[in-house]
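Since the structure comes first, as structure tokens, the remarks are kept for the end.
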Amino acid sequence: MANDSASDQLATLREMRSRAVLGGGQKRIEQQHARGKLTARERLALLLDVGSFQEFGALATHNVSEFGLDKQRTPGDGIVTGFGKISGRRVAVFAQDFTVLGGSFSQVQSNKICRIQDLALQSGIPLIGLNDSGGARIQEGVRSLAAYGEVFVRNVMASGVIPQISVIMGPCAGGAVYSPALTDFVIMSEGSFMFLTGPDVIKAVTGEDVTAQSLGGAEVHTAQSGVAHLAAPTEADAIETVKRLLAYLPQNNNEDPPQVVPYDAPDRMDEALNTLIPVAENEPYDIRDAIAMIFDRGSFMELHEAFAPNAVVGFARLDGFSIGVIANQPAYMAGALNIDASDKISRFIRTCDAYNIPLVTFVDCPGFLPGTSQEYGGVIRHGAKIIYAYCESSVPKISIVTRKAMGGAYVAMCSKQMRTDLAFAWPTAQIAVMGAEPAVRVLYREDVKNAEDPLARERELIAYYREQFFNPYRAADVGQIDEVIEPVETRPRLIRALEVLRTKVQENPPKKHGLIPT
Amino acid sequence: MSNLGWGLQMTVLGMGLVFGVLALLWGLLRLVLRLEKHGARRADAAASSPAPEAAAEPGEAMDPDLVAAIAAAVVAHRAVRRREAAPAMRTFWPGSLIHASRWLGSGRMRQTRGFQRRGR
């Protein structure tokens, strides 16, 4: 009799678990597949090491009875949460299940996410969220909205402590967008979208005709708004991107990112570096070529690639160690800094600083982009973010001036005063307050005006100015550059310098928090 | 005098016992050595007999294109594993401080001293 009872109990549990695994049912799963999308469990199976997933809250259901919801109770309530491993590393995960009531965000969903957020923070392990939700569960009213708030506060508490990665794999609209926006990295798969107000509301309010994709698709957020750091053509690629990104990050802010077994000779010197900078000083070159030659082969992972392409940021490896790379991109807008580039760079500096990742900065910047649109848009406060972020950061910082370093941009881009540990320059560096022509016009206006041949005099003075300032030696002379190096020796120089700086500790004054210009 | 006799008796008995045990061990070692040599001879004989046809070199039977494809796949797989910092490609177990000096450990603690967990 007792055995029968036990077997009944087991059968009940197994039946409930089977229902939880099926989510919204076989029909909904087929619909999800027909849309070219995977289910929450299929995504987690791709993300996590085989057999590593431990689920929590699989049998949780909502207790709302209004609007017929009492007839739509599904174990798990549209979200799968738990622990797992990625390449042997412990992670906390949640995946919204679109097959259950469109993945709509409920109080139960919130409770499950909050639980996993708390456990991730207490355990010091990364949190990865796979988002695919139609928005708040309207039937739950304000409870659903308050539920968002519970998640947001935990996002903020975990910010800079444990890596938080959001993958958008479907709709993410309204208040739901703020949780991914509060995390460290946002990856969007093709077909997904994020927006605060949808096309219908926009049509009603402003009369604009816009589709969900053109309003908040992956292309928009990776190229224009900068909300998303990375895009992937398929869901499988998005998941692969998470694994690759995680490889550069530590488990938490007290630990180091994993070092891969060095596979590229530390003393490798690529001769092509010595001829990378064009002879003509206004001729562009691609800084990515330099990055590819200096860092471990194939290790560069660029973030925000299409957003503010006049700056390049991303992770790479040097002798197997994770490094944050920041560079001006002379191939686009001559590498001038603007509002978007300032936001992109400052955000990346703070990310690397939070997770103990040393920074290497390549400088080739003629200055901040002039113009009313930039000034009206607040380029001053945006540019100040770069200065703030560099000064505040305490990780090892090395800068290399490859060509132009002019005026305020020279100061902002990791100059010695930004608490940079080592400042290198290539012989092609030009470090000056401003370009030769404007400088001569300011300094020698009367001299040129009174000359017999003003044009010849101006040319003569420009040549003099260039000879004086358009080289790295004046800066090295006054200690603003620690060493002028051959481009070819950059890799071994960086590896040796970082080997010393790896145990660097620098403290900031105690404070609640600084007031970064926003 | 009787003590001397008893002492000599004990000396002879003790040394005899020691030498007896040593002789026994020597005999055992000789036996083991002989058995081992016998086994090795049998193994040599088995190895020198003609191998069956099925035991041909695996590489010889494989198409060079297939070998090249497998080699390329292995290289690609290693690259993917490296990008993911898979366990075999890592120098340290996740969670470890790579340069776990007290200097760095205590320094990081000081850097984050203002931090308080506020999870509910």
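Read the figures in this text as sums done on the coordinates, not as results from a lab. Note that the structure is predicted; figures quoted are calculated from it, not measured. Neighbour counts are summed over all protein chains in view; Cβ atoms, including those assigned to glycine, are modelled from backbone coordinates with ideal geometry.
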(request) Give the angle, between 0 and 90 degrees and rounded to the nearest 10, that separates the Cα long axis of helix A:454-469 from the longest principal axis of the Cα atoms of chain A. (result) 60 degrees
(request) Please give the FRET efficiency for B:GLU36 paired with B:VAL74, using the beta carbon to beta carbon distance and R0 = 30 Å, rounded to the nearest 0.05. (result) 0.15
(message) Using C-alpha positions alone, give me the convex hull volume of the protein assembly as shown per residue in cubic angstrom.
(response) 359 Å³
(message) Compute for region A:2-246: radius of gyration divided by Kirkwood radius, i.e. Rg/Rh, restricted to C-alpha atoms, rounded to two decimals.
(response) 0.98
(request) Express in whole angstrom the spacing between the alpha-carbon centres of region A:390-437 and region A:259-295. (result) 18 Å
(request) Within the set of other residues whose C-beta is less than 15 Å from the C-beta of A:GLN224, count the net charge using Lys and Arg as +1 and Asp and Glu as -1. (result) -3
(request) Give me the distance in nm between label points sitting 7 Å out from Cα along the Cα-to-Cβ direction at B:VAL67 and A:ASP289, one decimal. (result) 3.9 nm
(request) Give me a single rounded figure for A:236-247: the average over its residues of other chain Cβ atoms within 10 Å of their Cβ. (result) 2
(message) Using Cβ contacts closer than 10 Å as the measure, can you line up A:VAL442, A:VAL93 from fewest to most?
(response) A:VAL442, A:VAL93
(request) For peptide A:249-256, compute the average count of partner chain beta-carbon atoms within 10 Å of each residue's beta-carbon. (result) 5
(request) Quote the FRET efficiency, to the nearest 0.05, computed for A:ILE516 versus A:GLU150 with a Förster distance R0 of 30 Å and r equal to the Cβ-Cβ distance. (result) 0.70
(request) Note down the nm distance, to one decimal, between modelled labels 7 Å out along Cα→Cβ at A:ASP8 and at B:LEU28. (result) 6.6 nm
(request) In nm, give the distance between the simple-model label positions of B:TRP93 and A:VAL142, each being 7 Å from the Cα along the Cα-to-Cβ direction. (result) 5.0 nm
(message) With the cut-off at 1.5 for a/c, could you classify region A:385-518 from its C-alpha gyration tensor as rounded, prolate or oblate?
(response) oblate
(request) Rank by packing, highest mean first: peptides A:128-140, A:202-214, A:496-508, with packing defined as the count of other Cβ atoms within 10 Å averaged across residues. (result) A:128-140, A:496-508, A:202-214
(message) Longer than 25 Å from Cα to Cα, which of A:LYS243/A:LYS404; A:LYS416/A:LYS504; A:LYS85/A:LYS344 are they? Say none if no pair is.
(response) A:LYS243/A:LYS404; A:LYS85/A:LYS344
(message) Cross-link candidates for A:LYS203: which lysines have Cα within less than 21 Å, leaving aside residues fewer than 8 places away along the same chain?
(response) none
(request) Express in nm, to one decimal, how much length is gained between A:VAL21 and A:GLN417 on full extension, taking 0.36 nm for each residue of separation and deducting their alpha carbon distance. (result) 136.9 nm
(request) Go ahead and run the numbers for FRET between A:GLU452 and A:SER373, Cβ-Cβ distance against an R0 of 35 Å, rounding to 0.05. (result) 0.25
(message) Taking beta carbons within 10 Å but only from partner chains, what does the mean come to for residues B:107-113?
(response) 5
(request) First check a/c for region A:281-331, with a ≥ b ≥ c the square roots of the eigenvalues of its C-alpha gyration tensor; if it is under 1.5, answer rounded, and if not, answer prolate when a/b is larger than b/c or oblate otherwise. (result) oblate
